[in-house]
1. Please identify the GluC sites (Glu not before Pro) of segment B:1-89 that satisfy two criteria: DSSP loop assignment and at most 16 other Cβ atoms within 10 Å. Which are they?
2. What nm distances, shortest first, do you get from the label point of B:R203 to those in the other copies when the point sits 7 angstrom along Cα to Cβ?
3. How would you rank B:T127, B:T161, going from fewest to most other Cβ atoms within 10 Å of each one's own Cβ?
4. Run the label-point distances for A:G89 please: 7 Å along Cα to Cβ, every other copy, nanometres, shortest first.
5. Per residue, what volume in Å³ does the convex hull of the Cα atoms of the protein assembly as shown enclose?
6. Of all DSSP beta bridges located in chain B, what percent are antiparallel, nearest 5?
7. Identify all aspartates and glutamates with a Cα-Cα distance to B:K205 below 18 Å; exclude those on the same chain that are fewer than 8 residues away in sequence.
8. Using only Cα atoms, find the angle between the long axis of helix A:9-20 and the longest principal axis of chain A, and express it within 0 to 90 degrees, rounded to the nearest 10.
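Every read-out reported here was derived from the displayed coordinates using simple, explicitly stated rules and does not represent laboratory data. Everything numeric here is computed off the predicted structure, so don't read it as measured data. Because the Cβ atoms are built from the backbone with ideal geometry, glycine has one as well, and the counts that use them run over all protein chains shown.
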Protein chains: 2
Amino acid sequence: MRSRISRAVIPRLSIYYRTLLLHKSSEVVSSGELSDLTGCTPAQIRKDLAYFGQFGTPGRGYIVSDLKKKILEILGIDKNWNVALVGVGNLGTALLSYKGFKEQGFNITAVFDNDLRKIGKRLEGITIQDINGLRRTVKNKEIQMAIVAVPAEEAQKIVTTLIKAKLRAILNFAPIRPQVPKSAELINIDLSIELEKLTHFLRQKV
Amino acid sequence: MRSRISRAVIPRLSIYYRTLLLHKSSEVVSSGELSDLTGCTPAQIRKDLAYFGQFGTPGRGYIVSDLKKKILEILGIDKNWNVALVGVGNLGTALLSYKGFKEQGFNITAVFDNDLRKIGKRLEGITIQDINGLRRTVKNKEIQMAIVAVPAEEAQKIVTTLIKAKLRAILNFAPIRPQVPKSAELINIDLSIELEKLTHFLRQKV
DNA sequence: TAGATTGTTAATCGATTAACAATC
DNA sequence: TAGATTGTTAATCGATTAACAATC
């Protein structure tokens, strides 16, 4: 019986994966080498990987190509994903013009806003739609994820709408923590909180 | 002797603070009420606040105005902060045009890039400078924080430069984890990692 | 075989939750 | 006073680290 995977493991797999990209697929890499490159301890790396099976070789280490393939599958980044963006204010527009998503296999294929002056306009080659069209578009375009970049006041309502449209993976930039059912995964990126960690640090030092 | 403050406390203070903004300063609020509004447990809220002293009233709760003031001080957001932005590619430009920072008291007062075609141009009213001018500008403009939005390959070099210029608080968007001395605080916001948490979740469900 | 490194169990560490005496 | 809620200590939970037999 497989023990429950610690929440902290998945983000570390992302880190391991990027490090593996620096290696030739034919190479073998040990937990010690990965430790040097990632800053995680060798024990932690072995334990993290062991959650998903035994694919190292005692005395040698891990075959880079095997490990890459395995992590790719675990993370679900062996395919592209279609993403809906809700809210094209400052931050939303910014995220839409950010090319990093597409490079990583995340395609923003639909954009929504509730501002009548914006609806119908094109941005980065995509026509801004009314949120009412969400359900149909999600189905037609096979969208699986959503990025929320609306003001705090609207975020809960939008998230509820997304859930109703059967979206189960949401990246939220609004500075609140919307409620979602357990069947969905919501990740909050709150720039204010991050900045306030820094100001707290600076204040403390004085 | 004050016990060491758990790392997880500070971001929760940010959350409590925002909830307090919804209350009149003259009101009194209990850990139970804050719990309903934040999703944190009452015990956790009381424990978090108790790290910084006793400012609740048994049988009543916390006076909103006092608590606001106290958290404002702890977080260091009772003043404005000057911020340098390094890298005006896609994401950097996006962040520069994002108005949320200024609203929270974070003023981006200097912008740097290493692209000769960009240096000297103006963006959002700020002239893009060569990174060589960093040290002088940091001093002249009393900049205390930096946002890093350069490609992964350049991030470590830039962070080292920032540290040399006596900056001690850095928000990094490059998808690597640069090394910094213990005297500095570096926070990484890695959009790929966050997205991969979501794709892992979706993959797992199938 | 000798040396190296995995996979796993036990020990440690740190953070959260529960419980309750003290207090308004 | 009776009811409510804090501040704090002890118990629990979960994640990380250390240690080492098994294995190449």
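1. On the way: sites: B:E27, B:E33, B:E73; in loops: B:E27.
In loop regions of segment B:1-89 (DSSP not H, G, I, E or B), the sparsely surrounded GluC sites (Glu not before Pro) are B:E27.
2. Nearest first, the other copies' label points are 4.0 nm away.
3. On the way: B:T127 11, B:T161 18.
With the fewest neighbours first, B:T127, B:T161 line up as B:T127, B:T161.
4. List, nearest first: 2.7 nm.
5. Details: hull volume 75.2 nm³, N = 412.
Looking at the protein assembly as shown, the number lands at 183 Å³ per residue.
6. Working: 6 of 27 bridges.
If I count the DSSP bridges inside chain B, around 20 percent turn out antiparallel.
7. Those aspartates and glutamates meeting the cut-off are A:E73, A:D78, A:E142, A:E185, B:E194, B:E196.
8. Long axis of A:9-20 versus the principal axis of chain A: about 70 degrees.
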